[in-house]
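Let me begin by presenting the structure, written as structure tokens, before commenting on it.
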Protein chains: 2
Amino acid sequence: MARVNEHYRNLAANYLFPEIGRRVAAFAEANPGAELIRLGIGDVTLPLAPAVLRALHEAVDEMGSAQGFRGYGPENGYDFLIEAILEHDYGTRGIATRADEVFVSDGSKQDAANIQEIFGADCSLLLSDPVYPVYIDSNVMAGRAGALGPDGRHAKVHYQPATEANGFAPDPPEQRADLAYLCSPNNPTGSVLDHARLARWVNWARANDATLIFDAAYDAFIQDPALPRSIYEIPGARECAIEMRSFSKRAGFTGLRCAYTVIPAECTGSTSTGERVPLRELFRRRHATKFNGVPYIVQRAAAAVFSAEGRKQCALQVAHYMENARCLREGLATAGFKVFAGEHAPYLWVRTPGGLGSWEFFERLLAEARVVSTPGVGFGPAGEGYVRISAFNSRENVDEALRRITRAFSTGAA
Amino acid sequence: MARVNEHYRNLAANYLFPEIGRRVAAFAEANPGAELIRLGIGDVTLPLAPAVLRALHEAVDEMGSAQGFRGYGPENGYDFLIEAILEHDYGTRGIATRADEVFVSDGSKQDAANIQEIFGADCSLLLSDPVYPVYIDSNVMAGRAGALGPDGRHAKVHYQPATEANGFAPDPPEQRADLAYLCSPNNPTGSVLDHARLARWVNWARANDATLIFDAAYDAFIQDPALPRSIYEIPGARECAIEMRSFSKRAGFTGLRCAYTVIPAECTGSTSTGERVPLRELFRRRHATKFNGVPYIVQRAAAAVFSAEGRKQCALQVAHYMENARCLREGLATAGFKVFAGEHAPYLWVRTPGGLGSWEFFERLLAEARVVSTPGVGFGPAGEGYVRISAFNSRENVDEALRRITRAFSTGAA
């Protein structure tokens, strides 16, 4: 009989966001008419920018004409989009990246989940704790993480706690590993890596012949131009780092789906006999076999994000969310909460009051303030005692959420 | 150092279609001005139907309004699309399928590549030869296929030759296997399974506790209403079969990307201790972790395929391609070729003249008729001596291709 992939047994019981969805749905059903404010899942709320809408309409029209119709596109993306990426995401930062190093995809979640496929089953893993669940779960499914212990950790993974003491941005460890996942600006903690910290990671990777998987899905939220937006701003990163970026948050594409991964030509892994293999070639083969490209109309929309108009309009969207983040940061601090991050990321990392557990405080925020958050422990054991608050919402909802939270929980400490 | 996934070493040298692309590009460069007619890759050529275009424009407008904007959607698809699928693809054939058994995706290629992930690494495989390369390559990458032999076959796969003798639709073997991939109407041979043959497969799967992966991406091209369109028309199939369907060919979505997979609740695999696990739950977990849904606007477009207008317009597109197939079948036969299929599929399977090898005839068709075909051997060793001719093109190009092929190769046999 067909055996199932028993590595799935080692997954934590539920993927975090569906679990939150279930709890929120149950609450809504038990409390009809309760007006919930969703600051949980990091989903954008502003409509698509006019430049993006116009590009979509135009591309749809093309698809309706015999001359303009496009069937299968290049698996790795259309040149017009790749060139815009190279110019605006890399050229403007003085980074030389080539078109054949870019892989356009339907999301950074997918890229983060798929990238592990090109590595051997015995690669050792280094992850921060808390961590975006996809990094770990995709490796669990592939059998690379080992059994799930009662402490919520997997036997074959090396975890680095992200704590208040290290600013929620741990430095590389003494020990080596084959693959390390980094996320900056960080989901969930909202921390950000500066040049010095990122350089320590690149140096560690080069010293240990490790590969860094650098998730920069939130780079557009970095407010300080001196902070690195790409890992390739660090010398030597092209030899050891894979980078992922997304249109989801910076341009409201969560429901439109477009992202990309960069694998520099110099970035290699090894075979059991020590031969070096360019990782880019493996991922290209993966894309050719398992992917059929992002819809043409969506790629046109993504390219419009880089137009003069699109850049202006999307920057306004980011500014809106970051002003929300500022309001939340200040309002929650005034209410007596210990609040971290939210300065270069659309997420705040908030200590639960009175030593409450993450899920406990999640339930109380829901019941007493009708506000949906994300329990920190859902991202890993070291997230216990925190919740993540998202800045993706309207100003009205943010203000109302602050009023309700203050009413329900204010300690008057501030 | 990070080890690469060395199973990739067992892949045949190149994924077929990029290889064809390279050869065609080289020819075009060496012969500037040569007007090529592409009957190779199975890509649609007609523009999107008006009903689909209207749905796209409307959905884009929704995404531009605060009320209508949609961010992350349900990973497995919006209810409006799943309900339309259930009603039109299943209800009309008297098949009861439930909403929570349907997984909307961005393509049957992806689904066919991803489905193996939920099975154990030691599952035995049964494949036809020739075969759609994704079935085999996705299993090679996962380490399930074994080494690639000099005969082009993988050590751990049981192949069933699809030959003229069995009508290019082999019956199930004596031996058992855990997973068997079926494709009807078949890509590449264009053969189709009738009720009796499909029932033999379902019975074999049930007798052997095997899982059938039934790819029905081309079901819309079946001309005889008595032929099965879904494997669930066969009693017992819900216990052993996973089905995949696509909007790519029936509605011109190759550049828009939408498909779906059905996994019935009764369809299970087993653990090493013999416990039965619903495959649907594993795939749901996979989708939740590694996928973020199909763009809202594309799902609206797919739903429009099922509207009264959409059904009429898409049926005309299918009829256009099938009339091409008829012209090609008759024209090639008249030119002296031995031609198979093309009656319930947009593909013809054509014996090469004079015992030429597939790639040899591919090159001669390209050089002497400026027609792009697909070498049968690219789909497996048993495809040697055949080429696949696609009916996806304009009538003018089909007629011109026939004139050129007849001029270059006619034996006057007919």
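Just so you know, all these numbers are worked out from the coordinates, no wet-lab data involved. All figures in this text were calculated on a predicted structure; none of them were measured in a lab. FYI the Cβ positions are ideal-geometry reconstructions off the backbone, even for glycines, and counts take in every protein chain you see.
Looking at region B:28-109, which GluC sites (Glu not before Pro) are in a loop (DSSP not H, G, I, E or B) and have at most 11 other Cβ atoms within 10 Å? Listed in order of number, the matching sites are B:Glu35.
Of the trypsin sites (Lys or Arg not before Pro) in region A:1-105, the ones in a loop by DSSP (not H, G, I, E or B) with at most 16 other beta carbons within 10 Å are A:Arg98. The mean sequence separation of alpha-carbon pairs under 8 Å and at least six residues apart, normalised by the residue count of region A:72-307, gives a relative contact order of 25 percent. DSSP beta bridges in the protein assembly as shown, what fraction antiparallel, as a percent rounded to 5? For the protein assembly as shown, the DSSP antiparallel bridge percentage is about 55. Taking a point 7 angstrom from the Cα of A:Thr163 along the C-beta vector, which residues in region A:179-216 have backbone N less than 15 Å away? Nothing falls inside the zone, counting backbone N under 15 Å.
When the square roots of the Cα gyration tensor eigenvalues are ordered a ≥ b ≥ c, the ratio a/c for region B:52-307 is 1.5 or more and a/b exceeds b/c, which makes its shape prolate. Summary value for region B:273-414: 23 percent relative contact order, contacts being C-alpha pairs under 8 angstrom separated by 6+ residues. Per-residue Cβ neighbour counts within 10 Å put A:Thr163, A:Thr406, A:Thr261 in the sequence A:Thr163, A:Thr406, A:Thr261, beginning with the fewest. Only lysines eight or more places from A:Lys290 in sequence, or on another chain, were considered; those with a Cα closer than 19 Å are A:Lys109, B:Lys109, B:Lys249, B:Lys290. Counting Cβ atoms of other protein chains within 10 Å of each Cβ in A:279-286 and taking the mean gives 3.
Position A:His88: other-copy label points at 3.5 nm, ordered by increasing distance, label point 7 Å along Cα→C-beta.
Backbone geometry of region A:162-168 corresponds, through the Karplus equation with coefficients 6.51, -1.76 and 1.60 at θ = phi - 60°, to 3J(HN,Hα) couplings of 9, 10, 4, 4, 9, x, 6 Hz, x marking Gly and Pro. With bins 5 Å wide beginning at 0, the percent of Cα pairs of region B:170-306 falling in each bin runs 2, 9, 17, 20, 19, 16, 11, 5, 2, 0. Restricting the GluC sites (Glu not before Pro) of region A:116-180 to loop positions (DSSP other than H, G, I, E, B) with no more than 13 neighbouring Cβ atoms within 10 Å leaves A:Glu164, A:Glu174.
With a simple spin-label model that places each label point 7 Å from the Cα along the Cα-to-Cβ direction, the separation between B:Thr411 and A:His88 comes to 5.8 nm.
When +1 charges are put on Lys and Arg Cβ atoms and -1 charges on Asp and Glu Cβ atoms, the dipole computed for the protein assembly as shown relative to its Cα centre reaches about 80 debye.
Evaluated with a Cβ-only charge set (Lys, Arg +1; Asp, Glu -1), chain B carries a dipole of roughly 440 debye about its Cα centre, given to the nearest 20.
Based on alpha-carbon centroids, what's the gap between region B:1-49 and region A:323-338 in Å, whole number please? Here the answer is 54 Å between Cα centres. For region A:398-406, 3J(HN,Hα) computed residue by residue from phi via the Karplus equation (6.51, -1.76, 1.60; θ = phi - 60°) reads 5, 4, 5, 4, 5, 4, 5, 5, 4 Hz, glycine and proline entered as x.
For region A:285-350, a/c is not less than 1.5, where a ≥ b ≥ c are the root eigenvalues of the C-alpha gyration tensor, and a/b does not top b/c. That puts it in the oblate class. Spin-label pair A:Ser65-A:Phe80: with each label point 7 Å from Cα along the Cα-Cβ axis, the two points sit 1.2 nm from one another.
Counted over all Cα-Cα pairs of the protein assembly as shown, pairs farther apart than 40 Å make up 36 percent. Counting, for every residue in A:65-71, the Cβ atoms of other protein chains within 10 Å of its Cβ and taking the mean gives 5. When the Gaussian network model of chain A links Cα atoms closer than 10 Å, the mean-square fluctuations of A:Ala241, A:Ala147, A:Ala302 top out at A:Ala147. Listed by Cβ neighbour count within 10 Å, with the fewest neighbours leading, B:Val102, A:Val52 appear as B:Val102, A:Val52. Taking Cα centroids, how far is region A:115-193 from region A:199-228 in Å? Cα centres, region A:115-193 to region A:199-228: 15 Å. The mean sequence separation of alpha-carbon pairs under 8 Å and at least six residues apart, normalised by the residue count of chain A, gives a relative contact order of 23 percent.
Residue by residue, region B:250-267 carries 3J(HN,Hα) couplings of 6, 9, x, 8, 4, x, 10, 6, 7, 7, 7, 10, 10, 10, x, 4, 6, 7 Hz when phi is fed to the Karplus relation 6.51 cos²θ - 1.76 cosθ + 1.60 (θ = phi - 60°); x denotes Gly or Pro. Which of the three applies to region A:2-141, rounded, prolate or oblate, going by the alpha-carbon gyration tensor with a ≥ b ≥ c and a/c under 1.5 meaning rounded? Here region A:2-141 falls in the oblate category.
In region B:280-414, the alpha-carbon atoms span a convex hull of 167 Å³ per residue.
As a rough footprinting exposure proxy, the listed residues A:Glu243, A:Glu330 were ranked by other beta carbons within 10 Å of their own, and the order from fewest upward is A:Glu330, A:Glu243. Across peptide A:49-56, the average count of Cβ atoms from other chains found within 10 Å of a residue's Cβ is 3.
Only helical runs count toward this figure. For chain B, summing -39,500 (n - 2.57) over DSSP H runs of n ≥ 4 and dividing by all residues gives -11000 deg cm²/dmol at 222 nm.
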